[in-house]
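Just so it is clear, none of the values below were taken in a lab; they were calculated from the coordinates. All values reported here derive from a predicted model rather than from experimental measurement. Neighbour counts run over all protein chains shown; Cβ positions are idealised from the backbone, glycine included.
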Amino acid sequence: MEIRAAHPNEHTALGEICLRAYRNLGSVSDGYAAELRDVAGRAETDHVLTAVNRDGLLGCVTVILGDSPWREISGPDEGEFRMLAVAPQAQGQGVGEALVRHVLDRFREEGATAVVLSTNSYGTAPAHRLYQRLGFARCPERDWSPLPGVELLAYRLELA
């Protein structure tokens, strides 16, 4: 498996991977489905990484940079990532962990003091276990709700 920047000709397929992965966790509103599919839009302001192997695209994650419009909960010295998604057929094979580790390494290189993320409060137990295994801790003071009925949990990892 290789982790690298997503190529423009992969954006549409990665958007579909995001949407399928999130729909497998539960209901996705039409508005959020459009955001998940908009890999090209995220790539205009941020860094979209993909995991690939000889069989094709396995997953992706958006690394939030600077004053990005995709930034949600991070402070000035913190890194943030969003929309971590693994193709359903590749789940349970370490793809998500490889993507997150790559993101953490990138933020260490950039001098971030910590990395934060938001995750859905339901249907994401494997993701929660991954974050905890990598050292992320719940950060309930940053929990938030973008829409009525959608509760997002915050996690934070101090970088050494």
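Before rounding to the nearest 500, sum -39500 (n - 2.57) across all DSSP H runs of length at least 4 in the chain and divide by the residue total; then give [θ] at 222 nm in deg cm²/dmol.
On the way: 5 runs with 54 residues, N = 160.
After summing the helix terms and dividing by residue count, I get -10000 deg cm²/dmol.
Which value, in nm² and rounded to one decimal, describes the direction-averaged projected area of the C-alpha convex hull of the range 89-128? Walk me through the numbers on the way to the answer.
Working: hull surface 13.7 nm².
It is 3.4 nm².
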task: Sorted from largest down, give the three principal axis spans of the alpha carbons of the chain, whole angstrom values.
output: 39, 37, 30
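Check each of the GluC sites (Glu not before Pro) in the range 103-160 and keep only those in coil by DSSP with at most 16 other C-beta atoms within 10 angstrom; list them in order. Could you put the intermediate results ahead of the total?
Values: sites: Glu109, Glu110, Glu141, Glu151, Glu158; in loops: Glu110.
Counting only loop positions with at most 16 other Cβ atoms within 10 Å, the GluC sites (Glu not before Pro) in the range 103-160 are Glu110.
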message: Per residue, how big is the convex hull of the range 1-84 when only Cα atoms are used? Give it in Å³.
response: 100 Å³
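Any idea what the alpha-carbon Rg over 2.2 N^0.38 Å comes to for the range 120-160? Don't skip to the answer; put the middle values down first.
Values: Rg = 11.0 Å, N = 41, 2.2 N^0.38 = 9.0 Å.
My calculation over the Cα atoms of the range 120-160 gives 1.22.
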task: Could you order peptides 47-59, 18-30 by the average number of other Cβ atoms within 10 Å of their residues, highest first?
output: 47-59, 18-30
